[in-house]
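Below: one structure, written as structure tokens.
The values are calculated or read from the model by the stated rules, or taken from the named source; none is laboratory data. Just so it is clear, the structure is predicted and the values come from calculations on it, not from any experiment. Glycine gets a Cβ as well: all are built from the backbone with ideal geometry, and neighbour counts include every protein chain shown. Note: accessible area is taken over every heavy atom of the protein model, side chains too, but ligands, DNA and RNA are not part of it. Shrake-Rupley method; radii C 1.70, N 1.55, O 1.52, S 1.80 Å.
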Amino acid sequence: MSTKGTHIPDRLKIPFAGITPAPSQEKGQDLFPTGNWRSIRPVYRDKLPPCNNACGTNEKIQGYLDLVKRGKYLDAYALIKEDMPFPSVTGRVCYHPCEQACNRGKYDEAISIRAVERFLGDLGQALTHDVVKAGKSNGKKVAVVGSGPAGHSAAYQLARLGYQVTILEKSPKAGGLNRGGIPDWVLPAHVLDREIERLVELGITIKTNVEVGKDVTWDDLKKNYDASVLAVGLTEPNSVRAEGENKDGVLYGLPFLRDIGMGTSKVKLGARVAVIGGGNTAIDCAREALRQGAVEVTMITVEASPEEMPAVPEDLHDMREEGVELLHGRAVTAVLGNGKIEALQLHPARFSGAINASPITVDREAPAERFAVDNVIIAVGQRASLKWLPDEFKTERGTIKIDRFGRLGDTNIFAAGDVVQLGAGQPLMVVNAVGDGKRVAFNLDKVMRGETLQPRTIAVDVIFDLNRMNMTYFPHFPRVQQDLLPPASRKKTQDEVIQSFSEEQAIEEASRCFSCGTCNACDNCYLVCPEPCIARPERSNGMYKILVDYCKGCRVCIEECPTGCLEGVPELDFDTGVVRMDTAFAISPGLHGRQAEELRNLGDRAAKNI
Amino acid sequence: MAMLADVKKRTVRINGCVASAQAAKYADVDVIAAYPIRPYTATMMALAQMVANGELDAEYIVADSEHSQLSIAHGAASSGARVFTGSSGVGVQFAYELYSPISGSRMPVQMMIADRTLDPPGDFGSEHTDALSTRDMGWLMGWSCDAQEAFDNHLIAYRIGEDPRVLLPQMVCQDGFFVSHITGDVELPDTGQVKEFLPPYKHPYPLDPRHPVSHGPQIMPEQGPPLQLERARAMEESMAVIEEVHDEFAKIFGRRYDPWIEEFMTDDAEVVFFLQGAHAVTARYAIQHMRDRGLKVGMVRLRTIRPYPTDRVKDVLSKFKVVGVIETNMGIGGVSSGGVLYAEVVAALYESQKRPLVLSFMAGMGGEAIVLKEFYWMTEKMMDVQKRGKIEKRTHWVGFEE
């Protein structure tokens, strides 16, 4: 008897014939961790990368970086153009919330997304024919009032949807804030001109010198067009409510920049210029003042330090490099001088609340300072001019009253951009206005087609946590820096300060992208799978397929997925019904979502935290 | 398990194939996995008729190959069904992959074998090589020598294999044609007797959606040996169960079989044949003839080869001077350069104080009958060895030597 006297040690005690609870049952995986047939299955479920999420118009940033990496520039340009009409503009002027959100920033340095966008935008500028075409005409006419970022974006998307679009612009040149609010040395006029031409190529009619409320009435809009988009922006500068603010030599930020941008400026600055305000427009004004002949430019802010200023740090840095001085914690209480400005009276001041939009507390008990200047440029924000708008559509904060879809009541009129976003909680920036214009265009289209407007219900999974990716696959690599003109020479010219990426630089920078939560066809899953479970007809983003018939649920592919797009989903409990499927699925729409659309909701039924 | 219709005991004249089918019916099997190959096909034909006639309530599944047949049997047994399947010759070989998984998962599947010579070329004749080639796969295995024994062995094997102390599959073998196609009187029992002898099959961990379990998981290498040890233990411990069950069978049905060995005219025998299966019938006849002429010859028939009754074989065969193993199987290039049975016999005798001389006879190959004069010839060879006291030629190809 060979088995007589044998003893199986406790650690190897095994149930009868190795029969154990099913993998779906409690402890079903304990005994045979490598393969008590699959209790979880890997699925490709693309997350939303934080850059895409942070972008005001939700550009598919990870997508175009990936295409640039592969040298597919035209595809990348076409992808960016889905959400952004003028990457050449935003590639220069955008305050890039994407880069602030970039996960790489927590690892070494954020991707220089804006520079890659500019690279693509300039490529688009050079094309004889744009990749975007107007949609098949639906015979409906839409007026877009204003040709700034929001109006431009809305007009662009509406033309793509097949509308006959007319832009009404009150200035002699189209471009709105892009032209009037952004200096040439940031955005050369010819770049913007080319983007305006692209609108005309799409069949959009641009009528300049047409002001709503004067040349076109509210009723005209309703009568002559099937629908309208109001994107009139903020045209009126805020005052600092200082005594003597009406003296000669007192200028306001946006009109100052606008007149220069439109070529209608008659301003001659003195040697000493003060700029009031701590935001991005104030910075542009200060730097423009240098280029308009000022010698000493001082920026006076209520903010107590540079860190508190609501400005982009790089621009602040570049401004100081050009020689602009900062004077913090002061408010202008009077403009002194006899008919013409001679000096400013300053008092200590601070914001009364925690944020710099809160009311200002001025300490008038403290001794006043006298600050001698030849000109002052006040850049403390602006407001809308809405005299022509029926009162029912005005809000208390002086903006247009809209519903959550950007619509004015039950009219066919929508509003977008700064004129609705002012004070709504998000910072005013070009890209946000573009996104607003885009969304309003799609909502307008739905209304025109008789569809009900509904809020989005798809949950968005933004991947913020680096632990959801496999960071061992990403070596540290420094950010590729854009070249800048030297401060001494640039501050007297209108030459573009920041230089473009070369092709090599663009590829190098795009290659740093983690592709957070999104398949980038790295082939790792294909290579590490110990069974032949990962199939791919060709190496292509999101086109991998898991042959679950062979999958043991070993998790190797999940653990080794650099981007975190692969995750494990528990097999549905045997008791409540086993679901068989032969393909991966994704929750958010994307390439994977298209593989098995009908299975998208399954993930909601699966437990979290696996 | 459907209720077996009440039937009174009666004797019928049927062949081995039909006897096996009758046994499956009396065992009230739940699932039959069939795929035709001669000579066992007749068993499945008979069962098909029984199911069609409503005599037997069972799932009758025609597979697309023997591999599928055994896979079906495996799955059905896993779900808690009593399963009957069978095959012959190369069909037995085609299902080879399944033998270890079935015994390893401890599923008491029953497989009827009507032996057939392996190809090539195509030969319908009986040779034990088909089933014997699977002898170490963890299945209980033994040969019957006539239709009645075949019938009885099926019931006995189910009872042993399904015993919770055993839980192993069984190969119930009979020689093709010599048993499968030769009719004999078979006493079919009273239904009540079978109910008393063979309780319903109950696996402790069947596949059941209400109580999910996992069968046959992937394991780590270190987890293999304990499972093999347990399977070996089950095989060894089945020996006590086998004896118990044969006793009980005798009590209920009135036919007593020694579970391991049948001895024929061995009391004073000096030379004996050692064999399995149908050729025992001819051997008995030949031995009687030779006894009439005063030769001290006898026969030892092995009834159960797995588990192999090593000690019993040693004790029994140590009484004789010469043992002639009639192989009826091929073990090319093996210990005896003849068949595999020789090695089993010699190994059992190795520790004996009184070892007989052992010859290997390649007889009954290809399904040829072993005729009387061949038994006489083999006896002469054994007696010659006895006289000389030593072996000059270990293995003889009977019919091909002077």
Pick from segment A:239-283 the residues that are out of contact with any Asp or Glu (no Cβ under 8 Å at 6 or more places or on another chain), among the polar types (S, T, N, Q) and not in a helix (DSSP H, G or I): which of them is modelled with the lowest pLDDT?
A:T264
Check B:R306 against each of (1) in contact (Cβ under 8 Å) with a residue 60 or more places away in the chain; (2) open to solvent by less than 40 Å² (accessible area, probe 1.4 Å); (3) within 19 Å of B:E263 (Cβ to Cβ) and name the one condition it does not meet.
(3)
Listed by first then second residue, the pairs whose first member lies in segment B:166-178 and is more than 10 Å from B:P39 (Cα to Cα) and within 14 Å of another protein chain (Cβ to nearest Cβ), whose partner is polar (S, T, N, Q) and not in a loop (DSSP other than H, G, I, E, B), with beta carbons under 6 Å and at least 6 positions apart or on separate chains, are B:V166/B:S238; B:L168/B:S103; B:P169/B:S103
Which numbered condition trips up A:Q125, out of (1) open to solvent by 10 Å² or more (accessible area, probe 1.4 Å); (2) in a helix (DSSP H, G or I); (3) closer than 18 Å to A:K60 by Cβ?
(3)
Within segment B:136-151, identify whether any single residue is open to solvent by less than 10 Å² (accessible area, probe 1.4 Å), without any contact (Cβ under 8 Å) to a residue 60 or more places away in the chain and among the aliphatic types (A, V, I, L, M), and answer yes or no.
no
Of these, B:G75, B:G54, B:G91, B:G80, which one is touching a Ser or Thr at 6+ places or on another chain (Cβ under 9 Å) and either assigned to a loop (DSSP other than H, G, I, E, B) or at pLDDT 95 or above (or both)?
B:G91
Of all residues in segment A:5-19, which are open to solvent by 100 Å² or more (accessible area, probe 1.4 Å) and facing another protein chain (nearest Cβ under 8 Å)?
A:K13
Screening B:F249, B:F273 for residues that are part of a strand (DSSP E or B), of a type outside the set (A, V, I, L, M) and away from every other protein chain (no Cβ under 14 Å) leaves only B:F273
Can you name the condition, by its number, that B:M239 falls short on among (1) of a type outside the set (D, E, K, R); (2) within 14 Å of another protein chain (Cβ to nearest Cβ); (3) more than 28 Å from B:V325 (Cα to Cα)?
(3)
Subset of segment A:419-431 that is over 15 Å from the mean Cα position of the chain (by Cα) and buried (at least 22 other Cβ atoms within 10 Å of the Cβ) - its residue that is nearest to A:D284 (Cα to Cα)
A:V419
Name the one entry in B:P200, B:P121, B:P189, B:P108 that is of a type outside the set (A, V, I, L, M, F, W, C) and within 14 Å of another protein chain (Cβ to nearest Cβ).
B:P108
Could you grab me the full set of residues in segment A:103-113 that are within 16 Å of A:E508 (Cβ to Cβ) and open to solvent by less than 30 Å² (accessible area, probe 1.4 Å)?
A:R104, A:A110, A:I111, A:S112, A:I113
Within segment A:10-58, work out how many residues are at pLDDT 80 or above and closer than 20 Å to B:D208 by Cα.
5
Do the conditions hold for A:D465, that is, is it of a type in the set (D, E), over 21 Å from A:I61 (Cα atoms) and open to solvent by 50 Å² or more (accessible area, probe 1.4 Å)?
no
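Only residues that are more than 23 Å from B:G80 (Cβ to Cβ), facing another protein chain (nearest Cβ under 7 Å) and surrounded by fewer than 17 Cβ atoms within 10 Å (Cβ to Cβ): list them for segment B:205-222, please.
Matches in segment B:205-222: B:Q218, B:M220, B:E222.
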What are the residues in segment A:358-372 that are assigned to a loop (DSSP other than H, G, I, E, B) and either modelled with pLDDT of 90 or more or out of contact with any Ser or Thr (no Cβ under 6 Å at 6 or more places or on another chain) (or both), if any?
A:D363, A:R364, A:E365, A:A366, A:P367, A:A368
How many residues of segment B:366-379 are surrounded by fewer than 23 Cβ atoms within 10 Å (Cβ to Cβ) and closer than 30 Å to B:P120 by Cβ? The answer is 8
Is one or more of the residues making up segment A:495-512 in a loop (DSSP other than H, G, I, E, B), among the basic types (K, R), buried (at least 18 other Cβ atoms within 10 Å of the Cβ) and at pLDDT below 90?
no
Give me the pairs: first residue in segment B:74-86 and over 11 Å from B:H215 (Cα atoms), second residue open to solvent by 10 Å² or more (accessible area, probe 1.4 Å) and modelled with pLDDT under 95, beta-carbon distance under 6 Å, and six or more apart or on different chains, which are they?
B:G80/B:P206; B:R82/B:Y201
I'd like to know if segment A:167-180 contains one or more residues that are assigned to a loop (DSSP other than H, G, I, E, B), crowded, with 24+ Cβ neighbours inside 10 Å and under 21 Å from the mean Cα position of the chain (by Cα).
yes
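Within segment A:283-299, can you find the residues that are of a type in the set (A, V, I, L, M), out of contact with any Gly (no Cβ under 8 Å at 6 or more places or on another chain) and buried (at least 20 other Cβ atoms within 10 Å of the Cβ)?
Quick first cut of segment A:283-299, residues of a type in the set (A, V, I, L, M) only: A:283, A:286, A:289-290, A:294-295, A:297, A:299.
Cutting the leftovers down to out of contact with any Gly (no Cβ under 8 Å at 6 or more places or on another chain) gives us A:283, A:286, A:289, A:295.
A:I283, A:A286, A:A289, listed by residue number.
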Give the number of residues within segment B:62-79 that are among the charged types (D, E, K, R), in contact with a helix residue (DSSP H, G or I) (Cβ under 7 Å, 6 or more places away or on another chain) and surrounded by fewer than 18 Cβ atoms within 10 Å (Cβ to Cβ).
0
Identify, from the list B:E244, B:E262, the residue that is without any contact (Cβ under 8 Å) to a residue 40 or more places away in the chain and either within 14 Å of another protein chain (Cβ to nearest Cβ) or not small (G, A, S) (or both).
B:E244
In segment A:318-357, which residues are part of a loop (DSSP other than H, G, I, E, B) and of a type in the set (S, T, N, Q)?
A:N338, A:S352, A:N356
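If we scan segment B:80-90, do we find a residue that is within 14 Å of chain A (Cβ to nearest Cβ) and either crowded, with 24+ Cβ neighbours inside 10 Å or more than 13 Å from the chain's Cα centre (by Cα) (or both)?
Yes.
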Criterion first (over 26 Å from B:F177 (Cβ atoms) and open to solvent by 10 Å² or more (accessible area, probe 1.4 Å)) does B:A348 satisfy it?
no
